[in-house]
1. Whole percent per 5 Å bin, from 0 to the bin with the longest distance: what is P(r) over all C-alpha pairs of the range 82-242?
2. Calculate one ³J(HN,Hα) per residue across the range 219-236 by plugging θ = phi - 60° into the Karplus curve 6.51 cos²θ - 1.76 cosθ + 1.60, and present them in order as whole Hz with x for glycine and proline.
3. Check the straight Cα-Cα distances from LYS251 and name the lysines below 27 Å, setting aside those fewer than 8 residues away within the same chain.
4. How much net charge surrounds ALA216 when only other residues with a Cβ under 11 Å from its Cβ are counted (Lys, Arg +1; Asp, Glu -1)?
5. State the Kirkwood hydrodynamic radius of the range 157-275 in Å, one decimal place, computed from all pairs of distinct Cα atoms.
6. Kindly identify the range 116-166 as rounded, prolate or oblate by the Cα gyration tensor criterion: order the square roots of the eigenvalues as a ≥ b ≥ c, call it rounded if a/c is under 1.5, otherwise compare a/b with b/c, prolate if a/b is larger, else oblate.
7. Hey, fewest Cβ within 10 Å first, where do ARG164, ARG56 land in order?
8. With the convex hull built on the Cα atoms of the chain, state its orientation-averaged projected area in nm².
Amino acid sequence: MNNKERNQTVVRELSRASMNGRRSAARRTTASIKTVHGIEQHPVVSPKEWLTARKRLLAKEKKFSRVRDQLNAERRELPWVKVGKEYVFDGPEGPQSLGDLFAGKSQLIVYHFMFGPGWNQGCAHCSFWADHYDSVNHHLAQRDTTLVVISRAPLKKILPFQKRMGWRFHWVSSHQNDFNLDWNVSFTPKQLKSGHVFYNYAKSDMGIDEREGVSAFYMDRDSDIFHTYSAFARGIDLLNTTYNFLDLTAKGRDEHPDHPQDWVRYHDKYKKTALPRGKAIARA
């Protein structure tokens, strides 16, 4: 066999192999996916069948969006409570009142970050949430809104931890006031011992002195401040962009049902992995 015949034979064999691969792929009806529940078989269909299924889901997604819009409207229609108590917080540039935290805006969002006076570092799970806050502040400011993080730990503990995490958002301490206690995200030893701690609008037996949450406030032209909304526990999911991205994927959040977030670490404690990096675009 000369070289020409040998090359023609190789081409024919490669062509047959490629065709067999396409036939095999065309016949494939399932694909394996590994999740926290183990290895599962997921159906594989034709593009036409996928489009039919996607349209069915799209109809449900649109219905959900309308329901969510209505829920958001009802949230805005909640009655307000005037904040009559004076609070002074310890900030990086000195004492600040609750009104000062608005920074000239009419709306204030407070993230209640779990970091107690006796803790050596902030909560890893609140840190997971807080990793998303620096970027959103650019846009909130354009909507007459300020985001501030508040913890009961003294400022001398907050600042080194914030520096370690590389965060730039405004973080103040409520160590010298009752803000956290009044908003039911911190609990005294007496409350914990009683077994009747009020959190997330219900009494429960709490085993920790700090919990997470988010609160919204409004300041009118007379500088009166009103509490307009608070959410706790799963109610803060909307603030976590990572979860919103994961919810779009085949695996979803893929968390253990009995121990969700057991995978979460401080971002400087994750095993080093190569992150995708785009090429910088030169501006004209």
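1. All Cα pairs considered, the percentages come to 1, 9, 18, 22, 23, 16, 7, 3, 0.
2. Each residue's phi maps through the Karplus curve to give 10, 8, 5, 8, 6, 6, 10, 10, 7, 10, 6, 8, 9, 9, 6, 5, x, 9 Hz.
3. Within reach: LYS34, LYS48, LYS55, LYS60, LYS62, LYS63, LYS269, LYS271, LYS272.
4. Values: positive: ARG75, ARG76; negative: none.
Once positives and negatives cancel, what remains is +2.
5. Values: mean 1/r = 0.0565 Å⁻¹.
Evaluated over the range 157-275, this radius sits at 17.7 Å.
6. Working: a/c = 2.45, a/b = 1.98, b/c = 1.24.
Prolate, because a/c is 1.5 or more and a/b exceeds b/c.
7. Numbers: ARG164 13, ARG56 10.
Placing the least packed residue first, the sequence is ARG56, ARG164.
8. Working: hull surface 101.8 nm².
Reported value for the Cα convex hull: 25.4 nm².
Taken together, the values in this text are just the output of simple stated rules run on the coordinates, not laboratory data. None of the values given here were measured: they were computed from a predicted structure. Glycine also receives a Cβ, built like all others from the backbone with ideal geometry; neighbour counts cover every protein chain displayed.
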